[in-house]
Amino acid sequence: MAKRPRIAVVGSANIDLTTFTNQFPKPGETIFGQKFDLGFGGKGANQAVAARLCGAEVFMVARVGSDLFGPATIENFRKQGIDPTHVKQVEGLSSGVAPIFVEPNGQNRILVVKGANDALMPADVDAAAETLKSADCIVLQFEIPVETVYYTVEFARKHGIRCILNPAPAQPVDLGALKDLDYFVPNESEAETITGSPVKNVEDAKQCAEKLVASGIRRVIITLGANGSLLAGRDGSEHVPPFAVNSIDSTGAGDAFIGSFAVFLGEGVPEKEAVRRANLYAGLSTTGVGTQKSFYDRARFDAEWAVRS
Ligand code: RIB
């Protein structure tokens, strides 16, 4: 039987307000959308839920607001079987929220208001140190203060813990502070913003990944949506193709990729195989609406993998 990885996510929790629409209003105009969905989201929380559904033991370090979403988010972690000991409410701040717009082809646009996520500080990482030290892998994103991300990367290095960073949403990055990372996993647009190199196809992704590797980052995975992903390191790069799926909402697919990849790696699955599996897990998540609620549990995933691999 595969080892059960222990994964800690130091990251965000949001409430997703998803509107499905055929068009967007012009300034001053009111139009009708087609459908609405309210759900638990946030890149950190989504990655934690994906990892949990894939079978890992998961710990969350996060901050939520002193509004009605705060306790509901903590309760959601509990319900999902994620340890929320280090998820705290912050007085006077709103919870993170994300108005999301999904077009008929499944493409999404996301606006994040960080709220309490911005109050997760290096001292909070220290307060969770004992839990973090017990993890096989720490997973990070960019919806919390960047100083907390850099601090946690350094913490992981000091304690020999595998560390995966999803630099989303993209922002200016000190690549030097990230050279101790094990995996840097942007999508096309994040890779483009961070390196300044356009990523329109697999060839562009290769060049962009080479830049990131040259800056000192050991392993880079650029997720390419419907084109699969690109795995790169000092030994070169390789395109890992996608699986065909009937996509209706791509929101959270990157999170599904990262949460599941952390688990497959932690189980000892070889790297490229772990990327292939994560490609399928992410692809399957786009066949349902929303983020966490569209993620497959392990039994459903294994059944699909058995057929498609
Ligand atoms: O990656 C999808 C997530 O991005 C959403 O759940 C939203 O909350 C934003 O964080």
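The values are calculated or read from the model by the stated rules, or taken from the named source; none is laboratory data. None of the values given here were measured: they were computed from a predicted structure. Don't worry about glycine lacking a Cβ; one is built from the backbone with ideal geometry, like all the others, and counts go over all protein chains shown. We work out accessible area using only protein heavy atoms, side chains counted, and drop any ligands, DNA or RNA first. Shrake-Rupley method; radii C 1.70, N 1.55, O 1.52, S 1.80 Å.
L231 is checked against (1) touching a residue at least 40 places away in the same chain (Cβ under 8 Å); (2) within 24 Å of V153 (Cβ to Cβ); (3) open to solvent by 40 Å² or more (accessible area, probe 1.4 Å) and fails just one. What number does that condition carry?
In the conditions (1) touching a residue at least 40 places away in the same chain (Cβ under 8 Å); (2) within 24 Å of V153 (Cβ to Cβ); (3) open to solvent by 40 Å² or more (accessible area, probe 1.4 Å), L231 misses (3) alone.
If you take the residues of segment 137-157 that are touching an Asp or Glu at 6+ places or on another chain (Cβ under 9 Å) and open to solvent by 50 Å² or more (accessible area, probe 1.4 Å), which of them is farthest from A62 (Cα to Cα)? First the steps, then the outcome.
Keep residues of segment 137-157 that are touching an Asp or Glu at 6+ places or on another chain (Cβ under 9 Å), which gives 137, 141-146, 148, 150-151, 153-157.
With the extra rule that they be open to solvent by 50 Å² or more (accessible area, probe 1.4 Å), the set shrinks to 150-151, 154, 157.
Numbers: Y150: 16, Y151: 15, E154: 18, R157: 20 Å.
It comes out as R157.
Report those strands (runs of 3 or more DSSP E) wholly inside segment 83-123 carrying at least 2 residues which are more than 30 Å from E188 (Cβ to Cβ) and more than 17 Å from the chain's Cα centre (by Cα).
On the way: elements: 83-90, 96-102, 108-110.
Hits in segment 83-123: 83-90.
I need a count of the residues in segment 184-217 that are within 19 Å of the chain's Cα centre (by Cα) and either in contact (Cβ under 8 Å) with a residue 60 or more places away in the chain or surrounded by fewer than 16 Cβ atoms within 10 Å (Cβ to Cβ) (or both).
So the count comes out to 3.
Of G259, G254, G228, which residue is small (G, A, S) and more than 16 Å from the ligand (Cβ to nearest atom)? Working first, answer last.
Details: G259 fails: more than 16 Å from the ligand (Cβ to nearest atom); G254 fails: more than 16 Å from the ligand (Cβ to nearest atom).
Within the list G259, G254, G228, the selection yields G228.
Show the residue pairs meeting these rules: Cβ distance below 6 Å; 6+ apart or different chains; first residue within segment 135-154 and acidic (D, E); second residue more than 16 Å from the ligand (Cβ to nearest atom) and open to solvent by 10 Å² or more (accessible area, probe 1.4 Å).
D136/R6; D136/G266
Do we have T195 as more than 16 Å from the ligand (Cβ to nearest atom), in contact with a strand residue (DSSP E or B) (Cβ under 7 Å, 6 or more places away or on another chain) and of a type in the set (S, T, Y) here? Walk me through how you get there before you give the answer.
Details: more than 16 Å from the ligand (Cβ to nearest atom): yes; in contact with a strand residue (DSSP E or B) (Cβ under 7 Å, 6 or more places away or on another chain): no; of a type in the set (S, T, Y): yes.
When the stated conditions are applied, T195 does not pass them.
Among R4, R63, which is the only one that is within 16 Å of the ligand (Cβ to nearest atom) and open to solvent by 10 Å² or more (accessible area, probe 1.4 Å)?
The unique qualifying residue is R63.
Tell me which residues, restricted to segment 286-309, are charged (D, E, K, R) and within 14 Å of the ligand (Cβ to nearest atom). Spell out the reasoning first.
First pass over segment 286-309, keeping only residues charged (D, E, K, R): 293, 297-298, 300, 302, 304, 308.
Selection gives K293 alone.
So K272 fits all but one of (1) under 18 Å from N187 (Cβ atoms); (2) touching an Asp or Glu at 6+ places or on another chain (Cβ under 9 Å); what number is the exception?
(1)
Take G283 and tell me if it is more than 16 Å from the ligand (Cβ to nearest atom), open to solvent by 10 Å² or more (accessible area, probe 1.4 Å) and at pLDDT 95 or above.
No, not satisfied.
Only one residue in A56, A51 is within 21 Å of the chain's Cα centre (by Cα), of a type outside the set (V, I, T), surrounded by 13 or more Cβ atoms within 10 Å (Cβ to Cβ) and away from the ligand (no atom under 15 Å from the Cβ). Which one?
Going through A56, A51 in turn, just one is within 21 Å of the chain's Cα centre (by Cα), of a type outside the set (V, I, T), surrounded by 13 or more Cβ atoms within 10 Å (Cβ to Cβ) and away from the ligand (no atom under 15 Å from the Cβ): A56.
So, in segment 83-97, exactly how many residues are surrounded by 14 or more Cβ atoms within 10 Å (Cβ to Cβ) and free of Cβ contacts under 8 Å to residues at least 40 places away in the same chain?
So the count comes out to 6.
Do we have any residue at all in segment 127-134 that's more than 16 Å from the ligand (Cβ to nearest atom), more than 19 Å from G254 (Cα to Cα), touching a helix residue (DSSP H, G or I) at 6+ places or on another chain (Cβ under 8 Å) and of a type in the set (D, E)? Don't jump to the end; show me each part of the working.
Keep residues of segment 127-134 that are more than 16 Å from the ligand (Cβ to nearest atom), which gives 127-134.
Narrowing further to those that are more than 19 Å from G254 (Cα to Cα): 127-134.
Imposing the further condition that a residue be touching a helix residue (DSSP H, G or I) at 6+ places or on another chain (Cβ under 8 Å) reduces the set to 129, 132.
Those left that are additionally of a type in the set (D, E): none.
So far as segment 127-134 goes, no, none of its residues is more than 16 Å from the ligand (Cβ to nearest atom), more than 19 Å from G254 (Cα to Cα), touching a helix residue (DSSP H, G or I) at 6+ places or on another chain (Cβ under 8 Å) and of a type in the set (D, E).
Confirm whether I100 is within 9 Å of the ligand (Cβ to nearest atom) and either in contact with a His (Cβ under 7 Å, 6 or more places away or on another chain) or open to solvent by 60 Å² or more (accessible area, probe 1.4 Å) (or both).
No; evaluated as a whole, the condition is false for this residue.
Can you give me the number of residues within segment 11-37 that are free of Cβ contacts under 8 Å to residues at least 60 places away in the same chain and within 16 Å of the ligand (Cβ to nearest atom)?
1
How many of the residues in segment 135-166 are more than 20 Å from A51 (Cα to Cα), outside any helix (DSSP H, G or I) and away from the ligand (no atom under 16 Å from the Cβ)? Talk me through it step by step, then tell me what you get.
Looking only at segment 135-166, we keep the residues that are more than 20 Å from A51 (Cα to Cα), and these are 145-148, 150-151, 154-155, 157-160.
Filter once more, keeping what is outside any helix (DSSP H, G or I): 145, 159-160.
Now narrow it down to the ones that are away from the ligand (no atom under 16 Å from the Cβ): 159-160.
Final tally of qualifying residues: 2.
Can D302 be described as charged (D, E, K, R) and closer than 24 Å to L17 by Cα?
Here the answer is no, as D302 does not meet what is asked.
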